[in-house]
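Read the structure below first, then the notes.
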Amino acid sequence: MTRRVLIADDEPLARERIALLLRSLVPDLELREVGNGADAVDQILAWSPDAVFLDVQMPEQDGFAVVADVGPARMPATVYVTAFDQHALRAFDVAAVDYLLKPFDDARFVEAWNRLVERRALRSIRDESQRLAHMLTAMAQGGAAPSGASSSPARWVDRLVIKKDQRTYMLPLATVNWAESSGNYVVLHAGREQHELRETLTALEARLDPARFVRVHRRTIVAVDAIRELQPWFGGDQVLILKEGVKLRVSRSYREHVAQRLHGVT
């Protein structure tokens, strides 16, 4: 079911109208609102909404950059909302459920919502079918049926391949204290050394053991064992202090997630 919805639009009145329409359709929906693309990425990664109403043109990152940063495979069901029709084809290229052109009437919004709910239902059926297929395969091979959604346990990398100039070498993740995104690269901080990996931070996160690494900001991942303490900061943010003295910002969107991880909840 669709229970959590994120509204990402830099116009407060637009966010308010979408929220009112959603409440009229599903009164008990849990809604969150953001006014720029960077916060949209934070909320999607940290809160995992079921669906997103996403403006195309926003400060810091546009709607398409949000999808690129989160990763198409991890994006919730998305309805683009914009005043510019020239983006429609590109929106459907990134698997948008619908494309709401401002100004839209209530009937058109309801149509978009129904399409979103239908897409979510189809995805749920597909995921369940895949889970059952994995179970049947495991049973046919004489193995035990998995208790989770997949018959194959997750495998996390313990080292990374780093290419620099003419060199290719292995970097053990045990030496990495934290990582930050930098353009098309991720900079890995291992003590006093820095290593560049040509990969997005989101793609790297998907390969890391969540018991060993935690995302604290849209641009930062930290090794749990490298953390010394957590302190309050301005505007609801926090500061993470590593054992080596490095201070890193924990954004509001990740506070609850980081707190759970520090208490051993993955």
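Points worth noting:
- Filtering the range 233-247 for residues that are of a type in the set (Lys, Arg) and either buried (at least 16 other Cβ atoms within 10 Å of the Cβ) or at pLDDT below 90 (or both) leaves an empty set.
- Arg212 vs. criteria basic (Lys, Arg) and free of Cβ contacts under 8 Å to residues at least 60 places away in the same chain: yes
- In summary, Phe213 fulfils each of the numbered conditions (1) touching a Leu at 6+ places or on another chain (Cβ under 6 Å); (2) more than 20 Å from Glu60 (Cβ to Cβ); (3) among the hydrophobic types (A, V, I, L, M, F, W, C) with the single exception of condition (1).
- The residue that is nearest to Thr202 (Cα to Cα), counting only those in the range 157-185 that are outside any strand (DSSP E or B) and touching a Leu at 6+ places or on another chain (Cβ under 8 Å), is Val157.
- Those residues of the range 191-205 which are assigned to a strand (DSSP E or B) and either in contact with a Gly (Cβ under 8 Å, 6 or more places away or on another chain) or not hydrophobic (A, V, I, L, M, F, W, C) (or both), in sequence order: Glu193, Gln194, His195, Glu196
- Condition check for Arg198 on (1) under 27 Å from Ile162 (Cα atoms); (2) under 20 Å from the mean Cα position of the chain (by Cα); (3) surrounded by 15 or more Cβ atoms within 10 Å (Cβ to Cβ): one failure, at (3).
- When we screen Pro49, Pro27, Pro103 for residues that are assigned to a loop (DSSP other than H, G, I, E, B) and within 17 Å of Ser253 (Cα to Cα), the only hit is Pro49.
- All of Leu208, Leu188, Leu230 fail the test of being modelled with pLDDT of 90 or more and in a strand (DSSP E or B), apart from Leu188.
- Within the set Glu229, Glu205, the sole residue that is of a type in the set (D, E, K, R) and closer than 22 Å to Ala40 by Cβ turns out to be Glu205.
- Qualifying residue in the range 243-260 (condition: hydrophobic (A, V, I, L, M, F, W, C) and over 20 Å from the mean Cα position of the chain (by Cα)): yes
- Comparison of Leu29, Leu45 shows that the only residue that is in contact with a strand residue (DSSP E or B) (Cβ under 6 Å, 6 or more places away or on another chain), within 30 Å of Arg261 (Cβ to Cβ) and either assigned by TED's automatic domain parsing to the domain that holds Thr220 or surrounded by 15 or more Cβ atoms within 10 Å (Cβ to Cβ) (or both) is Leu29.
The values are calculated or read from the model by the stated rules, or taken from the named source; none is laboratory data. Because the structure is a prediction, the values reported are computed rather than measured. So basically every Cβ, Gly included, is an ideal-geometry build from the backbone, and we count neighbours across all protein chains shown.
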